[in-house]
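The values are calculated or read from the model by the stated rules, or taken from the named source; none is laboratory data. What you see is a predicted model; the values in this text were computed from it and never measured. Positions of Cβ are backbone-derived with ideal geometry, glycine not excepted, and every protein chain shown enters the neighbour counts.
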Amino acid sequence: GPTPVSALIHAATMVKAGVYYMVRITPIFVYGAKELLAENPAIGQVVIAQVQTFYYGLMIIGAITAFSLASMALVAREAKLILAYSTGSQLGFMFAGIGASIFSSMPSLVLAFVVAHLIAHAVFKAGLFLGAGIYIHSNESRFIDEWADVHKMRITTSFNWLLVLSLAGLPPFIGFWTKDSLISSYLSSGMLIPASLLLITVLFTAFYSTRYLLYSYRYPAKEEEPHEPPVYVLSTYGILAILSIGLGILWPLFGEKLFEFLSYSFLEPIKGMTGEELTVIVSSISLVLIGILLSSLSYQFKFIDSKKVISSMPELNDFLRDRWLINILFYNIGVAFLKLGELTYRFVERGLDLGINYGLPKLTSNLSKYFRKPISGDLYSYVLYFVTGIIIVILVLLFI
C-alpha cells in the first residue's frame, strides 16, 4: 500500500488496537481478582488461577510471535515486508509484557512499560516506513538487494540510522529504554521459556535492523546518482528520527511524566520506572551489540560471506522465507475446507434444496392426481363406493 498509509496503520493506529484494549482491561482482572480473593478466598483462588493461566498463554503467544516474525525478517528481501515483520515482532513484545504484568508485584508498572514501548514504536516505525518509501522511489524497487548507494543520500540515511538504532534498542535511543524495561519485566515474572525467546529476539532485531540499511552497501553504484527528496518530505521522518533519540535522552523526565499521567488510568501511583537492574541492562546492550556486529561483518565489512552461510543451510533459509510454512499450512487447510464446503453444497445443501423446493411439490402434485381419479362425477360410482365402504366397515366390526 501507499507508504504514508503503511506508516500510519503499521506503526501507531490499527495494529495497536489490540494492545491498547488489553492494557485497558487487564487492571479489571488484576484488581477484580484481588477483591474477590479478599471477599471469598475459595472462589478467588480459582479465579486467580484461571486469570494467570490466560495471561501465561498470552505471554507465550506474544513471545512466539516476536521470535518467529523476527526470524522471518532475517532473510526477507522486501523492504516494507521486513518492517511489517518487525511490527508484528514488536507487538509480540508488547503482548508478552501484558502477560508478564499479571505475575509482577507491580502490574501497573509493567503495563506502563507496555504503553511506553507502544509510543516509542509508533515514533521510530512510522519514520522507518516513510524512509522506506524514499528508498523505494529512489531505486525503483521495493527489494533491498536491488538498492544501491543509499548511503549517498546522506540526510535520509542519517535519519534512517537514528530510527534503525532505536528499533534495535541501542542506548540512548527511546527504543532501548522501553525495550529494556519490558525485558526486566519478563525476567522478573519467572517465566523462563518466553523470557528466553524474547532475549533471542533482541539479538535478531538488532541484526535485521542494521541489515536493512547495510544490505545495499554490497552492491555497485548505479549510473544515476540518488537524490534527496524535497525538504517537506525530509521533515516528516526527520522529526520522528530526532524524536527517537531526543525522547531517549530525556527518558528520565519523559518517563516520569508519562507514568504520572498513566497513574490516573491505573488508579495507583506508578513508581520505579527508571531503575533497571544492571545485569538486565548489560545483557540487553550486549545482545544488541552482537547483533549489530554480526550484521556489519556480513554486509559492510564482508568478513562473513552471508550468501555462503545461506547456501549452506538451504532448508532453514526456505523455512524462514516461507514464513515457517504457516502460509502453506493455512493454504492447505483453506483448500481442504473449500473442498469440504463444495461437497457439502453438492450433496447436502443442493440435495435438501432439490428435495424440499422441487421434490416435495412434485410428490404432492402426483398424489393429488392419483386421489382425483375416483372423483368422476358419476352417481352410480359414488353409490358403489359408499356401499363398498359400508360392507368393509361391517366386516371389520364382525371379525375383529
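Data table
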quantity	calculated
In region 18-35, residue surrounded by the fewest Cβ atoms within 10 Å (Cβ to Cβ) [restricted to those that are modelled with pLDDT of 85 or more and hydrophobic (A, V, I, L, M, F, W, C)]	28
Hits in region 32-71 (condition: in contact (Cβ under 8 Å) with a residue 24 or more places away in the chain and over 30 Å from residue 204 (Cβ atoms))	51
Sole residue being without any contact (Cβ under 8 Å) to a residue 24 or more places away in the chain and either buried (at least 23 other Cβ atoms within 10 Å of the Cβ) or under 22 Å from the mean Cα position of the chain (by Cα) (or both), chosen from 196, 166, 185	196
Cross-chain or 6+ apart pairs with Cβ under 9 Å, region 10-27 first and on the phi < 0 side of the Ramachandran plot, then of a type in the set (A, V, I, L, M) and exposed (fewer than 13 other Cβ atoms within 10 Å of the Cβ)	27/267
Residue in region 160-171 that is in the same structural domain as residue 103 (by TED's automatic domain parsing), under 27 Å from residue 286 (Cβ atoms), assigned to a helix (DSSP H, G or I) and among the aromatic types (Phe, Trp, Tyr) present	yes
Number of positions in region 105-141 that are under 23 Å from residue 177 (Cα atoms) and in a loop (DSSP other than H, G, I, E, B)	2
Selection from region 138-159 of residues that are among the hydroxyl-bearing types (Ser, Thr, Tyr) and touching a Leu at 6+ places or on another chain (Cβ under 8 Å)	156, 157
Flag if residue 47 is farther than 28 Å from residue 295 by Cα, of a type in the set (A, V, I, L, M, F, W, C) and assigned by TED's automatic domain parsing to the domain that holds residue 310	yes
Conditions (1) touching a helix residue (DSSP H, G or I) at 6+ places or on another chain (Cβ under 7 Å); (2) assigned to a helix (DSSP H, G or I): number failed by residue 57	(1)
Number of positions in region 74-88 that are buried (at least 23 other Cβ atoms within 10 Å of the Cβ) and either under 15 Å from residue 198 (Cβ atoms) or acidic (Asp, Glu) (or both)	1
Pick from region 119-137, criterion modelled with pLDDT of 90 or more and surrounded by fewer than 21 Cβ atoms within 10 Å (Cβ to Cβ), ranking: nearest to residue 164 (Cα to Cα)	122
Residue selected from region 303-331 under the condition assigned by TED's automatic domain parsing to the domain that holds residue 214 and among the polar types (S, T, N, Q), by the criterion nearest to the chain's Cα centre (by Cα)	317
Within region 336-400, helices (runs of 4 or more DSSP H) holding 2 or more residues that are at pLDDT 80 or above	360-372, 379-399
